[in-house]
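The values are calculated or read from the model by the stated rules, or taken from the named source; none is laboratory data. Quick caveat: nothing in here was measured; it's all calculated off a predicted structure. All Cβ positions, glycine included, derive from the backbone under ideal geometry; neighbour counts span all protein chains shown.
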Amino acid sequence: MNMNRRDVISTAVLVGAGVRAATATAAPGSAVAVDPLGSAVNTPMEKRSGKVSIVYFTRDLSAAGLLKIYKKISAGLTGRVAIKLHTGEQHGPNIIPREWVKALVAKELPKAKIVETNTYYDGDRYTTEKHRETLKVNGWTFCPVDIMDEHGTAMLPVKGGKHFKEMSMGKGILDYDSMLVLTHFKGHTMGGFGGSAKNIGIGCADGRIGKKMIHTYPGQGQWSISKEPFMERMVESAKATVDHFGKHIAFINVMRNMSVSCDCEGIHAAPVVTPDVGILASLDILAVDQASVDMIYRLNAKSRDMRERIETRHGLRQLSYMRELGMGSDKYRIVDLDKA
């Protein structure tokens, strides 16, 4: 049975309160991880192994704050730069403000292009024609926007994946030397949360082949893959992009207007009840997503809805699987730019 986006929202499967209870008391300095069966555990920072990655942080939710944090992670962004941004459905209220991105492009990345791919669901960005109209409606007109699957697809290798050996991407990804993953961190109907891994794992896969590989078992319904298998497939897709760019990729998570809904739900997104946090950036995709999730948990009762969304979808598997695939470190140090 084929399902549209609203069907997915209304039929998403929830798990019991046991997982919520297991993580609701995460202590400061702890990360929340999940084992392959979905049972949440707290991993104190001192018990993590491996290198310590740097995550930059500012509370300055403005164009100036974005510019400040970008400069900390920009050294490897050379040559032809792609800005992977979720541009949103028409009139979506929670996307990263256009003025911030416009200022970043004008001052730091005048030759860069915003990159997107068409969607797997039938919405405002399902076809290239509809997608370009949505870009105009949402004001993404101040620099070129490359819909990467407009002119076909390309397969990128997935090194060490258990679900895929390669992933189908928008062909345009091959036209760039570097990528800035500029992410609006928020909840997600299927992923639990949408951070940098979701932005490129889903957002670089092309709309007909790659996204189908991630979401759907052959011969079954359009959204037949969920929970751990979905998280793992999404992460493997993200790994293909990370490996492709190597040292020429950087990650920024903007933690503002964080609905439990993804920006793909547009004006139908759930109301924002989670407090704004700030902007995080790193050269380590796992560290920046882990730090973002940690900050959600440290809000305690103020982030109840977001934590429930993450846990009921088993979204924490994104983090543990990135660690298993060697995509980065969950051990990190925050560099607070407001106190520098």
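Out of all the residues in the stretch 141-156, is one or more surrounded by fewer than 17 Cβ atoms within 10 Å (Cβ to Cβ), of a type in the set (Val, Ile, Thr) and either more than 14 Å from the chain's Cα centre (by Cα) or under 23 Å from residue 281 (Cβ atoms) (or both)?
yes
Within the stretch 214-222, can one find any residue that is under 14 Å from the mean Cα position of the chain (by Cα), surrounded by 24 or more Cβ atoms within 10 Å (Cβ to Cβ) and over 19 Å from residue 112 (Cβ atoms)?
Within the stretch 214-222, not a single residue is under 14 Å from the mean Cα position of the chain (by Cα), surrounded by 24 or more Cβ atoms within 10 Å (Cβ to Cβ) and over 19 Å from residue 112 (Cβ atoms).
Scan the stretch 246-266 and report the pairs whose first residue is closer than 18 Å to residue 97 by Cβ and whose second residue is aliphatic (A, V, I, L, M) and part of a strand (DSSP E or B), with Cβ atoms within less than 6 Å and a gap of 6+ or a chain change.
Cβ pairs passing all conditions: 252/182; 252/281; 253/280; 254/279.
For the stretch 169-206, what are the residues that are buried (at least 24 other Cβ atoms within 10 Å of the Cβ), small (Gly, Ala, Ser) and over 12 Å from the mean Cα position of the chain (by Cα)?
170, 205, listed by residue number.
Kindly indicate the residue of the stretch 85-131 that is touching a Lys or Arg at 6+ places or on another chain (Cβ under 9 Å) and among the acidic types (Asp, Glu) and also nearest to residue 146 (Cα to Cα) among those meeting that condition.
116
Going by what's in this entry, would residue 134 be described as in a helix (DSSP H, G or I), polar (S, T, N, Q), in contact (Cβ under 8 Å) with a residue 40 or more places away in the chain and touching a Gly at 6+ places or on another chain (Cβ under 9 Å)?
Yes.
Give the stretch 56-85 a look and list any residue that's among the β-branched types (Val, Ile, Thr) and farther than 24 Å from residue 332 by Cβ, or say none.
Scanning the stretch 56-85 gives 78, 81.
Test of understanding: among 179, 190, 231, which residue is touching a residue at least 40 places away in the same chain (Cβ under 8 Å) and under 17 Å from residue 114 (Cβ atoms)?
Of the residues listed, the single one that is touching a residue at least 40 places away in the same chain (Cβ under 8 Å) and under 17 Å from residue 114 (Cβ atoms) is 179.
How about the stretch 289-311: which of its residues are of a type in the set (Ser, Thr, Tyr) and modelled with pLDDT of 95 or more?
To start, the set of residues in the stretch 289-311 that are of a type in the set (Ser, Thr, Tyr) comprises 292, 297, 303.
Those that are of a type in the set (Ser, Thr, Tyr) and modelled with pLDDT of 95 or more: 292, 303.
Could you identify the single residue in 276, 243, 263 that is modelled with pLDDT under 95 and either surrounded by fewer than 24 Cβ atoms within 10 Å (Cβ to Cβ) or small (Gly, Ala, Ser) (or both)?
Only one candidate qualifies: 263.
Among the residues of the stretch 58-102, count how many are in contact with a Phe, Trp or Tyr (Cβ under 8 Å, 6 or more places away or on another chain), part of a helix (DSSP H, G or I) and either among the aromatic types (Phe, Trp, Tyr) or closer than 16 Å to residue 134 by Cα (or both).
Count: 1.
Residues 159, 111, 107, 102: which one is over 17 Å from residue 182 (Cβ atoms) and surrounded by fewer than 17 Cβ atoms within 10 Å (Cβ to Cβ)?
Working: 111 fails: over 17 Å from residue 182 (Cβ atoms); 107 fails: over 17 Å from residue 182 (Cβ atoms); 102 fails: over 17 Å from residue 182 (Cβ atoms).
Result of the check over 159, 111, 107, 102: 159.
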